[in-house]
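Heads up, the thing below is written out as structure tokens.
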Amino acid sequence: MALNCIFVAGCMIRILILLILFTGKLSAQLVFGLSDVNYDFKADEYYIAAVQDLRSQPGSIIGNSLTNSHNKNDIRLSTSVSSEFSRHLQKSLKQDLNGIPLILKITELYIREKVVNQQLISGEASLKMEIFGIKGSDTSLICKPYASNKFTRTYNSANEENYEPVVRNMLKSCMSYNQRYINESKSRIPLFVENAEIIIEPFYRKNARDTVYYQDRKVTWADFKGEPSLHSKYAAAIFPSISFDSRFEIKDRKIKALVTPRVYMIQSMSWVKDKARNEYSLAHEQLHFDIAMLVMYKLLERIKNLQADNMDDLQSMIHFEYLEAYRELHRIQEDYDNESNHSIDVIAQKNWENKINREMNIYR
């Protein structure tokens, strides 16, 4: 019986030692969650849709705390950083669920300590993140806020209550910066665009060495500087075209497209044979130029009311309409030449002149 008692006692001692060791292992970690508070600002027209931990070692560990023996204890959040940050922001930051969804990408988060002397330990903490907004299929960077903190403490003051405010205040500081940045820049941030405005600027009209612009004057035979095609059965040819310059900006929460139209003819690609240098033939070529102007008028009418909520879409829409107009220009020019038989059919020529003039008068 005595042996049994000694054996039982020995077991009890071993269990006690294991409990002590196990308890010591648990105390080597400082674990805490972020306290729920009411931020003194609100998320204006956005909400936090997700938090992503992009650190090299994501998880719950955010740093180390030094002990009396200079050992390091893990400092960790009660759940993963992404989960705890998400939970805290849902509770602490008033958000607009009808606004723009934001993604917080954490690129750096740590607490580090070093010995100052036998009584003091100094520490530093850092939080860096990148904040992106989502609109449709587009994801855009808004800002890259960061916050840091330095502190000193005594050896015996390593506890959760001291570390929690350090992390929480850094997160709040980053979110406060994000809110200020959005407030100050919302009118020019693509994510917060409300509509689009197409501004048609005056037609470009400054003639170049080889270019005559429609707004400047009518063509003369002197503008036909190209070499006539010896094998062509036609007496003259003009090369009219259309284009525009465009620039885009975001202002007052609008995408503004400023469009400068150009309607012109290229002198070196236009030619005339001597036998065709008369007013009737020149009027035929001028009508080709008029058709280019008419197509441009119609193009501007189509694009002036385009709407898009991002710049890429608006650029694509304007470019599409331009390509359609360019194809239309060549189709109408061919129809004109075919039906008038390159001005030989006098009646058809007159009908085309009347038709183009009527349509031009709509836009003049």
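Nothing in this text is a laboratory measurement; each read-out follows from the coordinates by a stated rule. For clarity, every value in this text was computed on a predicted model and none was experimentally measured. Because the Cβ atoms are built from the backbone with ideal geometry, glycine has one as well, and the counts that use them run over all protein chains shown.
Annotation: the residues 42, 254, sorted from fewest to most other C-beta atoms within 10 Å of their own C-beta, follow the order 42, 254. Residues of region 210-250 with an amide N closer than 17 Å to a point placed 7 Å from the Cα of residue 188 along the Cα-to-Cβ direction: 247-250.
Placing +1 on each Lys and Arg Cβ and -1 on each Asp and Glu Cβ, with no other charges, gives region 29-191 a dipole about its Cα centre of roughly 240 debye.
Based only on Cα atoms, what mean projected area does the convex hull of the chain have, in nm²? The partial results should precede the final answer.
Working: hull surface 134.1 nm².
Answer in nm², one decimal: 33.5.
Connecting C-alpha atoms closer than 10 Å in a GNM of the chain, tell me which of 119, 179, 307 has the biggest fluctuation. Result: 119 has the largest fluctuation of those listed.
Within the listed set 49, 276, 196, the Gaussian network model of the chain (springs between alpha-carbon atoms below 10 Å) gives the highest mean-square fluctuation for 276. Normalised by 2.2 N^0.38 Å, where N is the number of residues, the alpha-carbon radius of gyration of region 29-191 equals 1.12.
Taking the fewest neighbouring Cβ atoms within 10 Å as the starting point, the ordered list for 275, 128 is 275, 128. Residue-wise HN-Hα couplings along region 44-57, as the Karplus relation 6.51 cos²θ - 1.76 cosθ + 1.60 with θ = phi - 60° gives them from phi, are 8, 6, 7, 8, 8, 7, 7, 10, 10, 9, 9, 5, 4, 10 Hz; Gly and Pro carry x. Among 279, 197, sorting on how many other beta-carbon atoms sit within 10 Å of each Cβ, with the fewest leading, yields 279, 197. Which helices pass in the chain if a helix is a full DSSP H run, must span at least 20 angstrom along its long axis by Cα, and must have mean Kyte-Doolittle hydropathy not below -1.0? Once both thresholds are applied, what remains is 2-26, 279-303, 346-363.
Can you give the FRET efficiency to the nearest 0.05 for residue 280 and residue 260, using r as the Cβ-Cβ distance and R₀ = 56 Å? List each step's numbers first, then the result.
Working: r = 34 Å, r/R0 = 0.61.
Approximately 0.95, to the nearest 0.05.
Three principal axis extents of region 193-363 based on alpha-carbon atoms, in descending order, are 59, 33, 26 Å.
With Cα atoms as the point set, region 35-87 shows a radius of gyration and Dmax of 15.2, 51 Å.
At R0 = 22 Å, how high is the FRET efficiency between residue 304 and residue 364 if r is their beta carbon distance? Nearest 0.05 is fine.
Values: r = 16 Å, r/R0 = 0.74.
E between residue 304 and residue 364, to the nearest 0.05, is 0.85.
Each Lys and Arg contributes +1 and each Asp and Glu -1, all at the Cβ; summed about the Cα centre of the chain, the dipole is approximately 1100 debye. DSSP assigns beta bridges within the chain; of those with both partners inside it, close to 75 percent run antiparallel. So which residue, out of 61, 250, 347, gets the largest mean-square fluctuation from a GNM of the chain using Cα contacts under 10 Å as springs? Judging by the Gaussian network model, the answer is 347. Listed values for region 111-118 are Karplus-derived 3J(HN,Hα) couplings in whole Hz (6.51 cos²θ - 1.76 cosθ + 1.60, θ = phi - 60°), namely 10, 10, 10, 8, 6, 8, 7, 5, and x replaces Gly and Pro.
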